[in-house]
Each structure stands twice: as structure tokens, then as C-alpha cells.
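A short worksheet on the structure shown next.
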Amino acid sequence: MRTTEKQPRTSPLVPDAVAREIARHDWNSIACGCGRPAGHLGHLADTLWDAAEGHPAAFRALEGHAFHTGVLRPPAPAVCGVLMAVWFAGPPRQSTREALLWALLRLLGAEDDGSSHEAGLYGQCAAHIRSGLPGLRDTAARCPGSESAAYADGILSLLDLTV
């Protein structure tokens with residue numbers, strides 16, 4: 001008997017905690033920033049898998065889906081939760097860490113969508129990012145003048161926190 005149901009994606013490069021965070025969300029029930037359900041063709045979840053595997057370009061591919069033209073879109077909090085799971089897993093490559101920090105900064109630098117959804121999209125994203133403050137502060141202090149430190153400083157500044 002054949003099944004048409006798609007098997008869950010796995011990768012030895014993606015820690016279990018990140019895989020669980022991706023799987024925890026019903027992406028098809030979230031309106032994507034591009035106007036379709038966030039699960040369209042598995043795109044957003046696949047993009048997050050690619051990011052978790054360490055592909056820096058995948059973080060930039062979130063533009064138009066989690067945030068678009070400087071405004072947060074409905075998938076932003078779920079995306080931010082996955083990005084923070086990746087952050088806590090400690091991406092090994094510098095380019096991946098920089099791309100991750102760029103995405104977090106873009107999420108925090110975007111405007112809320114103005115909805116009354118829970119704490120608002122911005123508040124939910126900020127709460128996820130605040131959970132990683134010790135690592136962000138360490139990144140900002142460890143390599144002053146680096147791209148990673150600049151992104152971490154920007155995140156801390158947007159959260160109105162000092163390094």
C-alpha cells in the first residue's frame with residue numbers, strides 16, 4: 001500500500017530541538033507574508049530546515065514571508081521560535097551565525113502588523129529573542145567590531161538593553 005503523505009524531513013545537521021520546533025507549528029494554518037498559507041508547497045518549513053542545516057541564504061529567503069517591506073507578517077513569531085532554537089543549538093559556521101543574527105535583527109527592526117493577536121507579532125518575536133540574551137551579549141562582547149557583534153549590538157539596542 002502506498003501512502004501519499006509526505007514523510008517528515010530529517011537531517012543529521014539539525015538538532016532534535018530545532019526539528020521539534022519546526023514540527024510544532026501548523027504552517028498551513030498561518031497566513032504567509034506572500035499571501036498564501038505559510039505551508040505553501042512546504043516552502044517556509046523547508047526554508048527553516050535549510051537555515052537549520054546552516055545555509056546562510058535561507059535566512060535571507062525569509063524576506064517576503066516572515067517580514068516584508070519592513071512589516072512583520074503572521075509567521076514571524078513561529079519563525080522567530082525556530083531561529084532561536086537554531087541559536088541555542090549554536091550554529092558552528094560564522095556565516096550561518098551572521099545570517100541568523102541578521103534575520104533576528106530584521107525581525108526586531110520590522111513594524112508590528114497592528115493586529116491584536118496575542119502580544120502582537122513584535123511582542124512575541126521580542127519574547128523569543130529575549131530568551132537568548134546571554135548568548136547575544138556574549139557575541140557582542142567577544143568580537144567587538146565584527147559583523148556578528150554589530151548585529152548583536154543592534155538587537156540589544158532595539159530591545160533597549162545595554163551590552
Taking segment 40-93, which residues are closer than 20 Å to A127 by Cα and in contact with a Ser or Thr (Cβ under 7 Å, 6 or more places away or on another chain)? L62, M84
Give just the number: which of (1) closer than 18 Å to G132 by Cα; (2) surrounded by 14 or more Cβ atoms within 10 Å (Cβ to Cβ) does G39 not satisfy? (1)
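From the list L100, L121, L83, L104, exactly one residue is of a type in the set (A, V, I, L, M), under 22 Å from A23 (Cα atoms), open to solvent by less than 60 Å² (accessible area, probe 1.4 Å) and in contact with a strand residue (DSSP E or B) (Cβ under 6 Å, 6 or more places away or on another chain). Which is it? Reasoning before the result, please.
Values: L100 fails: in contact with a strand residue (DSSP E or B) (Cβ under 6 Å, 6 or more places away or on another chain); L83 fails: in contact with a strand residue (DSSP E or B) (Cβ under 6 Å, 6 or more places away or on another chain); L104 fails: in contact with a strand residue (DSSP E or B) (Cβ under 6 Å, 6 or more places away or on another chain).
Only one candidate qualifies: L121.
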Where A58 falls short, out of the listed (1) modelled with pLDDT under 90; (2) surrounded by 14 or more Cβ atoms within 10 Å (Cβ to Cβ); (3) of a type in the set (G, A, S): (1)
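The values are calculated or read from the model by the stated rules, or taken from the named source; none is laboratory data. Just so we're clear, the structure is a prediction, and the values are computed from it rather than from any experiment. Because the Cβ atoms are built from the backbone with ideal geometry, glycine has one as well, and the counts that use them run over all protein chains shown. Protein only, heavy atoms only, side chains kept; ligands, DNA and RNA dropped before computing areas. Shrake-Rupley method; radii C 1.70, N 1.55, O 1.52, S 1.80 Å.
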